[in-house]
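Data block below; observations after.
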Amino acid sequence: MPLTNQRKPSSKPRARKAQRDITYRFAARDEKDEVRELLSECGLPTRYVHRHLKSFLVAKAGEKTVGVIGVELYGRVGLLRSLCVDPDFRDRGIALALNEKMLDDARAQKIDRLYLFTLRAEKFAAKLGFRKLEKSRIPRSIRATWQYRSFRPYPVVCMVKEISR
Ligand SMILES: CC(C)(COP(=O)(O)OP(=O)(O)OC[C@H]1O[C@@H](n2cnc3c(N)ncnc32)[C@H](O)[C@@H]1OP(=O)(O)O)[C@@H](O)C(=O)NCCC(=O)NCCS
């Protein structure tokens, strides 16, 4: 069920770009390579995309995949990953729309909390309602993920968001 990305029209050039139709839906199996390419282009890890693709959402401009968000589900908690937008399509609300759509799905799936790890996007994640979490408070299910293990040597921040219903 495609959902059109709507932002208020404005006279600024940036807003004119935003009026182009963007639709959102779950990723199809044959979009795995496109999703991986966009993640690579945006400097995000592509590991295990194939395992979790069914809980990935894509933003499409026509046939082109211009945005991605993914969640890895671990019981009642989820690990948000792979939120990125094609550089040519940034600044028009696509990441916010992907996040909202993903939250609707998380609510429907009775997810209690979402976690994420980030190196450089702490401010952006705070905008999405995530707050920083001390390492000692990261639950075991999230510690067991590949992201936690592979990010551990780096100054990565863990953040959490409660899912309100
Ligand atoms: C971060 C990213 C996903 C934003 O995508 P986008 O579609 O341009 O974001 P939006 O247009 O939906 O912007 C939403 C808001 O976040 C702000 N924002 C965007 N990037 C930001 C950043 N890096 N830091 C802080 N705020 C940011 C925007 O200014 C906008 O604020 P506003 O609503 O007050 O105007 C995109 O820049 C990207 O793909 N970056 C590389 C990958 C990455 O860092 N992912 C984040 C993982 S948590």
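All of the numbers you see were taken from the coordinates with simple rules; none came from a lab. All values derive from a computational prediction rather than experimental measurement. FYI the Cβ positions are ideal-geometry reconstructions off the backbone, even for glycines, and counts take in every protein chain you see.
Taking 28 Å as the limit for the C-alpha separation, the pairs 60/161; 64/110; 32/132; 64/132 exceed it in the case of 64/110; 32/132; 64/132.
Over every Cα atom in the chain, the radius of gyration and the widest Cα-Cα span, Dmax, amount to 15.7, 49 Å. Summing Lys and Arg as +1 and Asp and Glu as -1 over all other residues whose Cβ lies under 13 Å from the Cβ of residue 53 gives a net charge of +3. Every helix of 4 or more DSSP H residues in the chain counts as -39500 (n - 2.57), and over all residues that averages to -8000 deg cm²/dmol at 222 nm. A simple spin-label model places the labels of residue 131 and residue 47 3.0 nm from each other, with each point 7 Å out along Cα-to-Cβ. At a Cβ-Cβ separation cutoff of 4.7 angstrom, cysteine residues of the chain with no neighbouring cysteine are 158.
So if R0 is 35 Å, what FRET efficiency would residue 144 and residue 88 give, r being the distance between their Cβ atoms, rounded to the nearest 0.05? Walk me through the numbers before you get to the answer.
Details: r = 37 Å, r/R0 = 1.05.
Here the calculated transfer efficiency is 0.45.
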